[in-house]
1. Taking just the alpha carbons, could you work out the radius of gyration and Dmax for the stretch 94-184, both in angstroms?
2. Okay, which of the stretch 93-117 sit inside 19 Å, backbone N to the point 7 Å along the Cα-Cβ direction of residue 303?
3. List, in order, the whole-Hz ³J(HN,Hα) value for each residue of the stretch 79-95 obtained from phi through the Karplus relation with A = 6.51, B = -1.76, C = 1.60 and θ = phi - 60°; use x for Gly and Pro.
4. If the viscosity is 1.306 mPa s and the temperature 10 °C, what translational diffusion coefficient in µm²/s does Stokes-Einstein give for the stretch 46-112 when Rh comes from Kirkwood over Cα pairs?
5. Using 0.36 nm times the number of residues separating residue 90 and residue 114, minus their current alpha carbon distance, what extension gain do you get?
6. I need the phi-derived Karplus couplings for the stretch 107-122: 6.51 cos²θ - 1.76 cosθ + 1.60, θ = phi - 60°, integer Hz, Gly and Pro marked x.
7. Hey, how many Å between the Cα centroid of the stretch 122-183 and the Cα centroid of the stretch 67-91?
8. Which whole-number value in Å² is the accessible area per residue of the stretch 46-171, probe 1.4 Å?
Amino acid sequence: MKTKVCIVAFLALGAFCPCASAQDNYRGGIVYGPKAAFNISAPGGWVLDNQAGASQGLPCVLYPKSESWADARTVIYAKIAGTQFEDVNAFVAMAIKDMEKTHGKPKEKVASGKTADGHDYFINEYPASKTYSQWERVAYVQLPRAVAYIVLSSRDHASYQKDSGALQQVLKTFAYLKPEIAQQKDQELTVKHAPKVIETDDMKLAMKAGELEAAGKYDEALKLYAQAIDLEGRFRPFVYHNRGMLYLHRAKTSQDQKSRIADLERAIADFQTSIRLGAASNEELKRGLEKVATRANLDEATKLLEEATHR
């Protein structure tokens, strides 16, 4: 979404989960991580996209056919929690604790049921708050030694009421796959896909930094982001983006104006660098940073800085 990405997106950066889709002939895609994988399909009237959200670490996103990932009033994305989480209840407890500062208490287990292949799921609702404008609901699925979660996020309550049922429609298509089976099915698809994401040293450092960030260990996360940037690897534009998100998130929760301003300035610098590096690249994914989340986050940080410096 153009405004911001759901907070939950940053809770499991340890699992960078590519989504293989065949958009010409299929409405489905495979989301996979180190320990598990699952297949989902888009509901009627929706599109499954494996490219539009990739710059935000979301390689499997869905949105209404008449809209786009950047502008849709409601979006859905699917992920697998970081490898340190094997129990769904432990993951949800961590997620709620992390989000309470800005999102408040969720409405827990507003719905439950079984996926298409018989796995139990439950859904929590995260209403908008004074500090977070989006309405969200998240489905959590316990898999063998892993946790899958699917997020529906709406810009406003009216869109949320209209679209929230799409989440359970996606769950009706959910099917667990062992990673090796997922890879085999992926190879069997006959249409051309986007290139697979290959983990590099800077990416691995950035994902570890994301885990530390989710745990509130900001200083440790910043050290790893700095190490990842020093490697000057191909993932560097996204490292700058992710570090900028840390600064932005920390600034929004800071009660100290001086610290808040400093973090906003750092966030702006990182977002600008991310966009600049992306624009200089020949890779479409990197060039897209300005058009998707980084530009929106830069605009948000700039606006908050103006407000903080004019108080």
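1. Just the Cα atoms of the stretch 94-184 yield Rg and Dmax of 14.4, 46 Å.
2. Counting only backbone N, you get 102-103.
3. Karplus values, whole Hz, x for Gly and Pro: 8, 10, 5, x, 5, 6, 9, 10, 10, 5, 5, 5, 5, 5, 4, 5, 4.
4. On the way: Rh = 14.0 Å.
It diffuses with D of about 113 µm²/s by this estimate.
5. My answer for the length gained is 6.7 nm.
6. Ordered by residue, 3J(HN,Hα) equals 8, 7, 6, 6, 7, 7, x, 10, 6, 4, 9, x, 7, 6, 9, 9 Hz.
7. 6 Å
8. Working: 4850 Å² over 126 residues.
Using a 1.4 Å probe on heavy atoms only, each residue of the stretch 46-171 averages 38 Å².
The values are calculated or read from the model by the stated rules, or taken from the named source; none is laboratory data. Given the structure is predicted, the values throughout are model-derived calculations rather than measurements. Because the Cβ atoms are built from the backbone with ideal geometry, glycine has one as well, and the counts that use them run over all protein chains shown. These accessible areas exclude ligands, DNA and RNA; they are computed on the full protein's heavy atoms, side chains included. Shrake-Rupley method; radii C 1.70, N 1.55, O 1.52, S 1.80 Å.
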